[in-house]
Amino acid sequence: MLTIRGEISFWEVYDFDSMEEYLIKTDSLFKNTSQHILQNELQPEHEIHFALIPIRQYGAKEEDRNFFSIGYADVKDTAMVMSCLKYASDFFPFNCRFMWTLNPYNNNEESVFYELICLKGDRDGPSITGGIKSAESASSGTGAEINIKMDDETSRNWKKMTAWNIDKAIAIVVDNKVMSFPVVYQTIENGNSTITGNFTEEEARVYASVFNCPSLPFDVVLTIQ
């Protein structure tokens with residue numbers, strides 16, 4: 001089932017290297033702080049631990065590779081991870097916001113994991129909100145995708161945003177979930193872009209319908225089963 005209500009927004013992204021020292025501090029905090037204190041402040045009656053699995057081992061170095069998610073967690077631990085991050089918020093830059101991916105990182109009968117993305121906003125929120133002129137779903141050799149056309153003002157902002165983020169990721173967010181976080185390889189000048197991600201053709205058609213709504217956010221809930 002897929003339920004959508006809300007708006008599309010585009011965010012710059014912190015990579016793992018930028019967040020590693022803060023994640024280490026957070027991990028240490030929850031290893032060294034009294035369970036009694038944590039249970040009173042976070043989740044009474046549950047053992048508290050920082051259940052985020054880093055996208056790579058702390059301190060590991062891999063040349064010529066960036067990690068644009070900072071880790072992943074079992075679906076049953078996602079609420080606890082967010083509580084821990086909120087508790088440790090003073091460790092992190094003021095403009096970072098954490099959001100889970102919309103679709104699972106790994107989905108099997110035994111466990112479902114979601115990736116955590118660290119968005120780089122400002123005090124007012126994302127870099128770009130809305131501005132989609134038209135959208136249509138399509139399929140390619142790599143799976144379902146959504147082709148979007150932005151309005152003139154958003155196209156100008158998108159050109160600047162993509163120019164500033166060459167070889168970096170930009171997160172595409174719907175309903176406070178990261179739909180996709182593609183790496184930018186060149187400046188996009190005309191506002192025509194393709195969104196790819198871990199979604200089905202049916203989901204792509206629903207998203208395209210949402211993005212074609214003339215006014216976002218909106219109150220209609222679309223559900224597919």
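The values are calculated or read from the model by the stated rules, or taken from the named source; none is laboratory data. These figures come from a predicted structure and were not determined experimentally. Counting neighbours? That spans all protein chains shown, and the Cβs are built from the backbone with ideal geometry, glycine included.
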Take the conditions at pLDDT 85 or above and in a helix (DSSP H, G or I) and apply them to S209. Does it pass?
no
Within the range 158-183, the count of residues that are crowded, with 18+ Cβ neighbours inside 10 Å and not in a loop (DSSP other than H, G, I, E, B) comes to 12
Which of the residues spanning the range 128-157 are crowded, with 19+ Cβ neighbours inside 10 Å, out of contact with any Ser or Thr (no Cβ under 7 Å at 6 or more places or on another chain) and assigned to a strand (DSSP E or B)?
I132, A135, S137, M150
From the residues in the range 110-161 that are of a type in the set (V, I, T) and over 20 Å from the mean Cα position of the chain (by Cα), which one is nearest to S209 (Cα to Cα)?
T154
Would you mind stating whether A51 is of a type in the set (A, V, I, L, M), modelled with pLDDT under 85, surrounded by 13 or more Cβ atoms within 10 Å (Cβ to Cβ) and more than 20 Å from I170 (Cβ to Cβ)?
yes
In the range 74-94, anything aromatic (F, W, Y) and surrounded by 18 or more Cβ atoms within 10 Å (Cβ to Cβ) is listed as Y87, F92
